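Trainee: Below is one structure. I have some questions about it.
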Amino acid sequence: MTLTALSGPTVAAPARRCPREVRERRAGLLFVAPAVLLLAATYVVPMAVLAGFSLTDYRLGALTTRFVGLANFAHALADPVFLRAVANTALYAAIVIPGGVFLGLGVALLVEGRRRSRSFWEVAYFLPVTATLVAMATVWQFLLHPSIGPVNAAITALGFDPVSFLATPWLLIPTMAMIGIWQIVGFNMVLFLAGLTNIPRDLHEAARLDGAKHPIDRFLTVTWPMLGPTTLFVVVTTSITAFKVFETVAVLTHGRSGSETMLYDLYLEGFEYANTGYASALTILFLVVVLALSIGQTVHLDRRVHYR
Amino acid sequence: MTRALGRWIALTVLGLGAAAMLLPFWWMLLTAFRAPADIFHVSLLPALDFAAAADNFARAAAQVPMARFMLNGVIVCGGILAVQVAVAIPAAYALAKLRFPGREPLFAVVVAALAVPMQALALPLFVGLSRMGLLDTYFAMMVPFFLSVFAIFLLRQSFRGYPDEIIDAARLDGFSEWEICWGLVLRGSWPAVSAFAVFSVVAHWNDLYWPMIVVSDPSLAPPPLGMLFFADVESGANYGALMAGAAMITAPMVLSFLLARRQFIAGITMSGVK
């Protein structure tokens with residue numbers, strides 16, 4: 001009896017040859033090894049190389065490369081093309097952010113009240129989010145065609161002159177911003193719908209009893225403040241998407257008539273003209289903008305998942 | 001009375017908005033089903049001309065290798081997703097449930113990497129691939145996305161909810177960590193994995209930026225790049241064929257969305273980053 005009781009642990013110990021800590025450590029290191037290697041090869045090293053390039057006049061395929069310090073950054077801040085690209089991107093964002101956020105909110109508020117038709121509206125507004133933007137931009141090009149497109153057919157039917165949306169320089173960015181809004185409204189609608197379902201019903205009831213008779217009063221006293229975190233998140237994601245605008249420019253204008261955006265200018269410098277060093281400096285400037293926005297998003301993502 | 005009126009207004013506004021949302025899709029199909037001569041009669045009413053449609057689709061498929069673009073899209077999306085999942089699942093399990101040196105710093109790097117957009121890494125990755133003579137390959141199109149820090153982050157959060165008691169019991173029963181990870185813990189996180197799969201496939205099927213940088217050979221082009229080549233070839237000459245091509249490229253994601261609406265919405269909005 002005593003013997004078997006004693007032999008129990010002595011037999012079990014060699015069976016689990018290594019203690020738990022060793023086993024966990026070994027498995028842990030082994031399991032993260034591929035991820036760590038890829039993280040180094042596709043994130044850490046490229047970031048270091050990018051920073052290095054930005055201080056040189058490196059051109060892909062060139063025989064000699066010089067260290068130029070911050071000259072690339074100085075050049076960028078005096079480069080009329082880059083400054084125009086920044087201004088265009090800012091204008092694009094200034095249209096897409098309020099347009100995308102408020103239309104998304106408006107649609108979400110209207111869709112939330114529907115019972116039977118809700119899923120139909122969700123599908124209709126979300127469809128542009130899933131569709132390949134390159135293909136849909138081609139469709140928009142045709143829709144906005146001055147002579148054979150239906151949009152201009154409607155404009156002329158109302159008695160106005162046809163508008164060359166994609167041939168009038170000052171209309172290029174606003175037109176692309178309209179397409180940007182068209183693509184993002186459904187995405188924002190879904191985020192707002194999720195935010196709306198998290199508002200307790202009782203709050204609306206309480207506001208009604210407190211004298212907020214009109215739906216607009218209840219929106220201002222309950223819905224809007226309660227949606228605060230959601231709205232912040234939607235604004236951040238919409239801004240990041242807006243600052244990364246590329247496809248519509250690549251399809252619709254190829255950057256002509258001064259319609260390049262930050263990412264498109266960066267693409268031209270880095271990959272078409274092979275100005276690797278200069279494009280690296282532009283990339284870092286672009287990254288600063290996106291990082292400033294993304295950090296807010298990451299913090300939010302972290303919190304949202306933790307508290308779920 | 002005001003209720004009914006409010007409902008009526010809401011439906012009208014929603015209907016007009018939805019019409020604007022759906023107009024491009026309607027116009028795309030309408031034009032794909034029209035003979036080239038009818039293009040100049042601007043009308044939103046359907047005039048289904050199946051002979052013309054067959055002509056348009058045939059022309060789109062003949063001008064550029066449309067089937068090849070789709071196949072490339074399937075290869076690239078499938079390859080990316082397979083490696084992403086194979087790398088992220090064990091890493092996420094280790095970060096969630098195993099104690100090993102360097103766990104906290106590694107997780108901090110993963111969270112920091114979440115904020116870095118792909119476009120910022122494109123230039124050095126391009127130079128590296130070019131130096132290695134790997135441009136114009138499927139590998140070049142896939143490699144920047146093999147590691148999804150987002151997948152690691154998401155699955156780690158999901159795995160953390162798995163009860164430790166079950167893992168300890170499995171260890172005592174002689175299961176290896178590998179078996180616990182893939183056989184037990186993963187089983188509880190299928191919704192997270194499938195949502196991520198939707199997110200990944202949609203993002204890479206629709207991506208233009210990176211393929212445009214590393215691919216110049218049309219036979220390797222994924223659908224968006226193929227569409228761009230096609231639009232340049234046609235250069236507005238034949239809208240019927242152009243719209244037929246656009247319809248073919250858009251169809252896989254749109255049809256999948258219509259079939260699996262919930263999963264799509266969950267997957268795409270999961271991140272906020274497209």
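The values are calculated or read from the model by the stated rules, or taken from the named source; none is laboratory data. The shown structure was predicted, so the numbers you read here are calculated from the model rather than taken from an experiment. Note that we place each Cβ from the backbone using ideal geometry, even for glycine, and neighbour counts take in every protein chain shown. In case anyone asks, the SASA skips ligands and DNA or RNA and just uses the protein heavy atoms, side chains included. Shrake-Rupley method; radii C 1.70, N 1.55, O 1.52, S 1.80 Å.
Trainee: I'd like to know if segment A:94-102 contains one or more residues that are away from chain B (no Cβ under 14 Å), out of contact with any strand residue (DSSP E or B) (no Cβ under 6 Å at 6 or more places or on another chain) and surrounded by fewer than 16 Cβ atoms within 10 Å (Cβ to Cβ).
Mentor: Yes, because at least one residue in segment A:94-102 is away from chain B (no Cβ under 14 Å), out of contact with any strand residue (DSSP E or B) (no Cβ under 6 Å at 6 or more places or on another chain) and surrounded by fewer than 16 Cβ atoms within 10 Å (Cβ to Cβ).
Trainee: Run down B:A4, B:A61, B:A51 and say which single residue is more than 31 Å from the chain's Cα centre (by Cα), part of a helix (DSSP H, G or I) and either closer than 21 Å to A:P128 by Cα or more than 14 Å from chain A (Cβ to nearest Cβ) (or both). Working first, answer last.
Mentor: Numbers: B:A4 fails: either closer than 21 Å to A:P128 by Cα or more than 14 Å from chain A (Cβ to nearest Cβ) (or both); B:A61 fails: more than 31 Å from the chain's Cα centre (by Cα).
Exactly one residue qualifies, and that residue is B:A51.
Trainee: Taking interchain pairs and intrachain pairs at least six residues apart, which have beta carbon atoms under 9 angstrom, with the first residue in segment B:2-17 and over 12 Å from A:R114 (Cβ atoms) and the second aromatic (F, W, Y)?
Mentor: Correct list of pairs: B:G17/A:W121; B:G17/A:Y125.
Trainee: Another one. Can you tell me which residue among B:A151, B:A67, B:A120 is open to solvent by 40 Å² or more (accessible area, probe 1.4 Å), part of a helix (DSSP H, G or I) and either out of contact with any Lys or Arg (no Cβ under 8 Å at 6 or more places or on another chain) or under 26 Å from A:T276 (Cβ atoms) (or both)? Working first, answer last.
Mentor: Values: B:A151 fails: open to solvent by 40 Å² or more (accessible area, probe 1.4 Å); B:A120 fails: open to solvent by 40 Å² or more (accessible area, probe 1.4 Å).
Unique residue meeting the criteria: B:A67.
Trainee: Only one of (1) open to solvent by less than 20 Å² (accessible area, probe 1.4 Å); (2) within 14 Å of the chain's Cα centre (by Cα) fails for B:S189. Which number is that?
Mentor: Just one mismatch for B:S189, condition (2).
Let's see how each residue does on (1) assigned to a strand (DSSP E or B); (2) of a type outside the set (S, T, Y); (3) out of contact with any Gly (no Cβ under 9 Å at 6 or more places or on another chain):
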| residue | (1), (2), (3) |
| --- | --- |
| A:G52 | no, yes, yes |
| A:Y58 | no, no, no |
| A:L83 | no, yes, yes |
| A:A87 | no, yes, yes |
| A:Y92 | no, no, no |
| A:I97 | no, yes, yes |
| A:L110 | no, yes, no |
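Trainee: Right, another one. Kindly list the number of the only condition in (1) under 30 Å from B:F150 (Cβ atoms); (2) in contact (Cβ under 8 Å) with a residue 40 or more places away in the chain; (3) buried (at least 17 other Cβ atoms within 10 Å of the Cβ); (4) within 13 Å of chain B (Cβ to nearest Cβ) that fails for A:Y43.
Mentor: Status for A:Y43: all satisfied but (2).
Trainee: Any idea which of A:V151, A:V134, A:V190, A:V222 is of a type in the set (V, I, T), within 30 Å of A:R84 (Cβ to Cβ), in contact with a helix residue (DSSP H, G or I) (Cβ under 6 Å, 6 or more places away or on another chain) and open to solvent by less than 30 Å² (accessible area, probe 1.4 Å)?
Mentor: One residue alone meets the criteria, A:V134.
Trainee: Would you point out which residue out of B:R34, B:R99 is open to solvent by less than 20 Å² (accessible area, probe 1.4 Å), within 12 Å of chain A (Cβ to nearest Cβ), over 26 Å from B:L225 (Cβ atoms) and not in a helix (DSSP H, G or I)?
Mentor: Values: B:R99 fails: open to solvent by less than 20 Å² (accessible area, probe 1.4 Å).
Result of the check over B:R34, B:R99: B:R34.
Trainee: Please pick out the residue among B:L125, B:L44 that is closer than 30 Å to B:A241 by Cα, facing chain A (nearest Cβ under 8 Å) and either in contact (Cβ under 8 Å) with a residue 12 or more places away in the chain or among the aliphatic types (A, V, I, L, M) (or both).
Mentor: Numbers: B:L125 fails: closer than 30 Å to B:A241 by Cα.
Within the list B:L125, B:L44, the selection yields B:L44.
Trainee: To continue, here is another question. When only residues in segment A:103-123 that are surrounded by fewer than 22 Cβ atoms within 10 Å (Cβ to Cβ) and touching a residue at least 12 places away in the same chain (Cβ under 8 Å) count, which is nearest to A:V234 (Cα to Cα)?
Mentor: Only one residue tops the list, namely A:L103.
Trainee: With respect to the numbered conditions (1) within 23 Å of A:P146 (Cα to Cα); (2) facing another protein chain (nearest Cβ under 7 Å); (3) out of contact with any Leu (no Cβ under 9 Å at 6 or more places or on another chain), which one is the sole condition not fulfilled by B:P24?
Mentor: (3)
Trainee: Could you please find all residues in segment A:137-148 being within 26 Å of B:Y209 (Cβ to Cβ), within 7 Å of chain B (Cβ to nearest Cβ) and open to solvent by less than 30 Å² (accessible area, probe 1.4 Å)?
Mentor: From segment A:137-148, those within 26 Å of B:Y209 (Cβ to Cβ) are A:137-144; that's our starting set.
The next check asks that each one be within 7 Å of chain B (Cβ to nearest Cβ); those that pass are A:138-140, A:142-143.
Within segment A:137-148, A:T138, A:V139, A:F142, A:L143 meet the criteria.
Trainee: Of the residues B:Y209, B:Y239, which is of a type in the set (S, T, Y) and buried (at least 22 other Cβ atoms within 10 Å of the Cβ)?
Mentor: Exactly one residue qualifies, and that residue is B:Y239.
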